[in-house]
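**Q** Can you read through this structure? Questions will come right after.
Computed from the coordinates by the stated procedures, all read-outs in this text should not be read as laboratory data. Quantities reported herein were computed from a predicted structural model and do not represent experimental measurements. Cβ sites come from the backbone with ideal geometry, for glycine too, and all protein chains shown count toward neighbours.
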Amino acid sequence: MHTDEGFDYDVAVVGGGPAGLTAALYTTRLGLDTLVVDRGGGRAAMMQDTHNVIGVTEEVSGNEFLQTGREQVESYGAEFRRGLVDDVRPLGESAGDGFEVSFGDETATVRRVVITTGFADERPDPPLPRTGRGLHYCLLCDAYMFVDEPVYVMGAGDAAAYVSMIMLNYTDDVDLLTRGEKPQWSEETGEMLEAHPVEVVDAEITGMNRRDDGWLESFEFEDDTVREYRGGFPMYGSDYHADLADTLGLEREEGAVVVDENCQTSREGVYAAGDLTPGSSQIPIAMGEGATAGIAIIKALRKYPRSLEEIRARGPVADDEVPAISPDLEETAVTHEGHAGGPRESPEAVEDAMRTDD
């Protein structure tokens, strides 16, 4: 695939999670040839159930959610490659010069890049329950699951102490497990913690028991106690997947990539969205950021209206210059179920049918 400007694609989206898929959905549907490079996995893929996404019910797993999204984006004409992007190299000093994206044995030149590589939650040492079945990383997603249930929070820093106090909004049975680590929270946090009915358990975990359905039942501790929990939240920080961001010299703040109101990074032409950026790590927020990035790129790259400066330099838009959408995306659009004319056969299919009739 080659664009009119000589690039292989208009847009490369790095990462196929909720943010990346949404960005690709917008750029593809609005006429930009889009490549999505996805290594697979990610935080969304780990979800046993989907929460807080309007229109998506609880029983939908993360993998099902992502697969549906990918099929949706592909149906509009985006191209997918499975792999890890090794490098993004600017082809000049300005965003208009484009970028070269390298993944595996392939390279592609593109006009804009969206990085949605997210982060990985730091996991505590085992023994641990299954992720999504007693081990949970998103308080905003999963606190609802543990209303009126015994809950643990793991960690010895301010974040763990705060989360343990926040969980008192949902249950009266909260333990803060430091696992033998010396508390590192501030004096102010410690004073707050002492004023809340949270039990701090210093003993290390030595064993774990599961229910028949695979959910956590209890932890065993080195002081020979056994404590029942339905689930909990480890608070050990995040490992941002920001190698590409650092290669490009993007500004970062507390690990996250800094973006403006259009989700553009400190380098013009490079956008970031989802868990890689500051703010709450939520699917609806990631999708919103993906949409914001996609719309900003559309506005930056669409050909028309031609400005007065361009009209005076190049003349008016000729009939044979429109529509500006590429032939591949045009053919996909007119045969798509979402097209105003209704689904119809491609020109090639019509020609084949006519030959058969003859």
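**Q** For the Cα atoms of the chain, what angle does the longest principal axis make with the long axis of helix 283-301, in degrees from 0 to 90, nearest 10?
**A** 30
**Q** While we're looking at this one, here's another question. May I ask which residue of A19, Y76, L91 lies farthest towards the positive end of the charge dipole of region 1-98, with charges of +1 (Lys, Arg) and -1 (Asp, Glu) on Cβ and the Cα centre as origin?
**A** In region 1-98, that residue is A19.
**Q** Return the percentage of antiparallel bridges among DSSP beta bridges fully within the chain, rounded to the nearest 5 %. Present the calculation step by step, with values, prior to reporting the outcome.
**A** Working: 24 of 54 bridges.
Bridges in the chain that DSSP calls antiparallel: roughly 45 percent.
**Q** Could you pull out every Cys in the chain that lacks a partner Cys with its beta carbon under 4.7 Å away?
**A** Isolated Cys, the chain: C263.
**Q** How big, on average over all directions, is the shadow cast by the Cα convex hull of region 139-234, in nm²? Walk me through the intermediate numbers first.
**A** Details: hull surface 24.1 nm².
Projected over every direction and averaged, the Cα hull of region 139-234 covers 6.0 nm².
**Q** Of P197, M165, G237, which is farthest on the positive side of the dipole of region 164-240, counting Cα position, with +1 on Lys and Arg Cβ, -1 on Asp and Glu Cβ, and the Cα centre as origin?
**A** G237
**Q** Turning to a different aspect of this structure: Assigning unit charges at the beta carbon (Lys, Arg +1; Asp, Glu -1) and nothing else, what dipole magnitude in debye, to the nearest 20, does the chain show about its Cα centre? Could the numbers behind the result be given before it?
**A** Numbers: 28 positive and 72 negative charges, 156 e Å.
Charge dipole of the chain: 740 debye, to the nearest 20.
**Q** While we're looking at this one, here's another question. Within 10 Å of each candidate Cβ there may be at most 14 other Cβ atoms; applying that plus a DSSP loop requirement, which trypsin sites (Lys or Arg not before Pro) in region 206-276 survive?
**A** Values: sites: R210, R211, R227, R230, R252, R267; in loops: R211, R230, R267.
Filter output for region 206-276: R211.
**Q** A further question follows. Does a label point 7 Å from the Cα of D49, set along Cα-to-beta-carbon, have any residues of region 181-222 with amide nitrogen under 17 Å, and which are they?
**A** Within reach of a label on D49: 211-217.
**Q** Shifting gears a bit: Running a GNM on the chain with Cα contacts under 10 Å, which residue among A160, A23, A313 ends up with the highest mean-square fluctuation?
**A** Residue with maximal mean-square fluctuation among A160, A23, A313: A313.
**Q** Still on this structure, please answer the following. For the chain, which span is the longest to avoid every loop-located (per DSSP) member of GluC sites (Glu not before Pro) having at most 16 other Cβ atoms inside 10 Å?
**A** Values: sites that count: E5, E58, E59, E93, E122, E181, E204, E222, E251, E254, E261, E268, E337, E345.
Longest site-free region, per DSSP loop and neighbour criteria: 269-336.
**Q** Now a separate question. Express in % the proportion of alpha carbon pairs of region 1-108 at distances exceeding 19 Å. Write down the numbers at each step before the final one.
**A** Working: 2778 of 5778 pairs.
Tail of P(r) above 19 Å: 48 percent of Cα pairs.
**Q** Next up: Grab every C-alpha pair in the chain, bin the distances at 10 angstrom width from 0 up to the longest one, and report whole percents.
**A** 5, 21, 26, 20, 14, 8, 4, 1, 0
**Q** Work out Dmax and Rg for region 68-210 from the C-alpha atoms and quote the Rg first, both in angstrom.
**A** Looking at region 68-210, its Cα Rg and Dmax stand at 22.5, 59 Å.
**Q** Here's something else I'd like to know. Find the centroid of the Cα atoms in region 236-297 and in region 103-156, then give the distance between the two in whole Å.
**A** 16
**Q** From the mean inverse distance of alpha carbon pairs (Kirkwood) and the Cα radius of gyration, derive Rg over Rh for region 249-328.
**A** Ratio of gyration radius to Kirkwood radius for region 249-328: 1.15.
**Q** Can you grab the distance from the C-alpha centre of region 29-52 to the C-alpha centre of region 68-97, Å, no decimals?
**A** 12
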